[in-house]
1. State yes or no: is VAL93 within 30 Å of LEU169 (Cα to Cα), open to solvent by less than 50 Å² (accessible area, probe 1.4 Å) and assigned to a helix (DSSP H, G or I)?
2. Could you tell me which of the residues GLU141, GLU148, GLU94 is modelled with pLDDT under 90 and within 18 Å of the chain's Cα centre (by Cα)?
3. Identify the residue in segment 71-90 that is free of Cβ contacts under 8 Å to residues at least 40 places away in the same chain and assigned to a helix (DSSP H, G or I) and, among all such residues, is surrounded by the fewest Cβ atoms within 10 Å (Cβ to Cβ).
4. If PRO10 satisfies all but one of (1) outside any helix (DSSP H, G or I); (2) under 19 Å from GLU194 (Cβ atoms); (3) not aliphatic (A, V, I, L, M), what's the number of the condition it fails?
5. Quick check on my filter: what residues within segment 103-115 are part of a helix (DSSP H, G or I) and surrounded by fewer than 20 Cβ atoms within 10 Å (Cβ to Cβ)?
6. Find the residue count for segment 162-201, including only residues that are loosely packed, with under 10 Cβ neighbours inside 10 Å and under 21 Å from ARG91 (Cα atoms).
7. Taking the conditions exactly as written (open to solvent by 60 Å² or more (accessible area, probe 1.4 Å), part of a helix (DSSP H, G or I), hydroxyl-bearing (Ser, Thr, Tyr) and farther than 30 Å from LEU201 by Cβ), does SER68 satisfy them or not?
Amino acid sequence: MGTTTGRAAPLAPDERRDALVSVFLQLAREHGRVPTTSEIARAGGVAEGTIFRAFPSKGALQADAVESGFCPASARREFEAIDRSLPMRDRLVEFAAILQQRIRNVLDLMNALGLTQPPQVAPHHDCFEAGRHVRSRLGGECQPSHVELFDSVLDLVDASELTVTPYQLLHRIRLLTFSGSHPGIAQGDLLTPEEVVDTILDGVRAEPSRRKTG
């Protein structure tokens, strides 16, 4: 992210916190470490004191960013926006591409935070319906609107074309997308969304008529 030279426009308190969280996440993913408050202020186009008017401490900003960064609602919204009129393979390729980007974002954030697994954050927020991440309120109750990511997108799959259930197909795509997107597991030979979907749907073995004989 390039350095911002101008000052950011005035924002409502929650909008300011959202903007600072977004800057924190982008800098963390880009640089592979937790950014300093001066870096956040510079990239966000605000005075450093603005951060501490929005959050009581840098730790509070980081905790808010972690909750937002691991929130699944944005991925679910992208899944549901996939054009259902596309052929099934194309729908599934879009699904795998969205999933792959989320996996990479999560892995980059975990690396920046020095985590070996995603943190235990509050699992339920009223984020999906709001169209944006809704932060937890201290001492408040979170609204349970984060359904299982697959429950609302099973219609991406034409069950009549398969020998497994739609859920099982999406689960296998998720497994292969994760392993094929993880640099350590894939040993640098990452899979594209197209490769993931084609491997799951069609496999890699040639048809009998195409196999070499000898």
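The values are calculated or read from the model by the stated rules, or taken from the named source; none is laboratory data. Computed from a predicted model, the values in this text were never measured in an experiment. As a convention, Cβ positions derive from the backbone with ideal geometry for all residues, glycine included, and neighbour counts pool all protein chains shown. With ligands, DNA and RNA removed, areas are computed over all heavy atoms of the protein, side chains included. Shrake-Rupley method; radii C 1.70, N 1.55, O 1.52, S 1.80 Å.
1. yes
2. Result: GLU148 is the single residue among GLU141, GLU148, GLU94 that is modelled with pLDDT under 90 and within 18 Å of the chain's Cα centre (by Cα).
3. Out of the qualifying residues, it is ASP90.
4. Failed condition: (2).
5. Selection gives ILE103, ARG104, ASN105, VAL106, LEU107, ASP108, MET110, ASN111, LEU113.
6. 1
7. No; evaluated as a whole, the condition is false for this residue.
Okay, residues lined up against (1) within 19 Å of the chain's Cα centre (by Cα); (2) modelled with pLDDT of 95 or more:
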residue	(1), (2)
PRO183	yes, no
GLY188	no, no
GLU195	no, yes
GLY203	no, no
ALA206	no, no
LYS212	no, no
